[in-house]
Amino acid sequence: MKARKRTLITLDEAEQDFVESVTFAFGRFSSVICNAADIVTPILIGYFPKRTVKRPDWLKTAGVEEICSVSDCISKGPDGWVNHWRHNDMSVYDTPASAWSVVPENARQEFDLYAYCLFSTRFVEGKQEPFEIPPLNVEPLPRSFVRLGYDAVSRSCGSNFECSPLSCNYLAGRVIVSRYCLVDTESEAVELAREFSLGGCEAGPYHVVEVWRNSNEAG
């Protein structure tokens, strides 16, 4: 499969120094990305409520309007959500109703409801390996949800997703991303997950996640 040509954003000297401070050797993108046959259809693993944050001033990326990354480093979930122990084995919720149940009713207008579909593969030190998604009982995705794009996110221990380098490590300033701080295609996310897993940002392994969001008002 021919490699997808990637257009880099041109940065001025100050921005270049800022990005390089994260010490990620981003100039070594792979010339070959995963064959599409190697990545199976993603599996819906559940729902999660988050306060979606507008692009912070320190993320110098033209076109990004809001942070819809899987990581909760910037756009966070409700306080104390894990203490309710209503989440499934992937640390998200089986139904929209159970996801909303951990958000105080008087605060629900501050949140968006996301849904995540995970590919059953991960990247460790640049190599692709199978990842077994545990048995889940997730309610099918309602028609009100809209796909926003794809993210590459770390998961080094436990069941929580951790770091999304496009936002957490400012790397959205080096590649073309959407208004949601995500990439538009599965192939782009696969390439990013492979490269992130080689080092230079947060520790992996790295996973590819398809990100959806409810277009309706809060529950």
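The values are calculated or read from the model by the stated rules, or taken from the named source; none is laboratory data. Nothing here was measured: the structure is a model prediction, and the numbers come from that model. Virtual Cβ from ideal backbone geometry, glycine too; neighbours counted across all protein chains shown. Side chains are part of the model used for accessible areas, which takes the heavy atoms of the whole protein and leaves out ligands, DNA and RNA. Shrake-Rupley method; radii C 1.70, N 1.55, O 1.52, S 1.80 Å.
Taken over segment 142-198, the residue count meeting the criterion of being within 20 Å of residue 130 (Cα to Cα), at pLDDT below 85 and among the small types (Gly, Ala, Ser) is 3. The set of residues from segment 160-177 being open to solvent by 20 Å² or more (accessible area, probe 1.4 Å) and either touching a strand residue (DSSP E or B) at 6+ places or on another chain (Cβ under 7 Å) or over 16 Å from residue 115 (Cα atoms) (or both) comprises 161, 162, 168, 170, 174, 176, 177. Only strands (runs of 3 or more DSSP E) whose full extent lies in segment 102-178 are considered here, and the ones with at least 3 residues that are farther than 17 Å from residue 193 by Cβ are 112-118, 145-154.
Listed conditions (1) out of contact with any Lys or Arg (no Cβ under 9 Å at 6 or more places or on another chain); (2) in a loop (DSSP other than H, G, I, E, B); (3) under 25 Å from residue 193 (Cα atoms) are all met by residue 86, apart from (3). When segment 186-219 is filtered for residues that are of a type in the set (Asp, Glu) and open to solvent by less than 10 Å² (accessible area, probe 1.4 Å), the ones remaining, listed by number, are 191, 195.
Residues are listed down the side, and each one gets a yes or a no for (1) at pLDDT 80 or above; (2) among the acidic types (Asp, Glu); (3) surrounded by 18 or more Cβ atoms within 10 Å (Cβ to Cβ):
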| residue | (1), (2), (3) |
| --- | --- |
| 20 | no, yes, no |
| 24 | no, no, yes |
| 36 | no, no, no |
| 43 | yes, no, no |
| 54 | yes, no, no |
| 57 | yes, yes, no |
| 70 | yes, no, yes |
| 75 | yes, no, yes |
| 84 | yes, no, no |
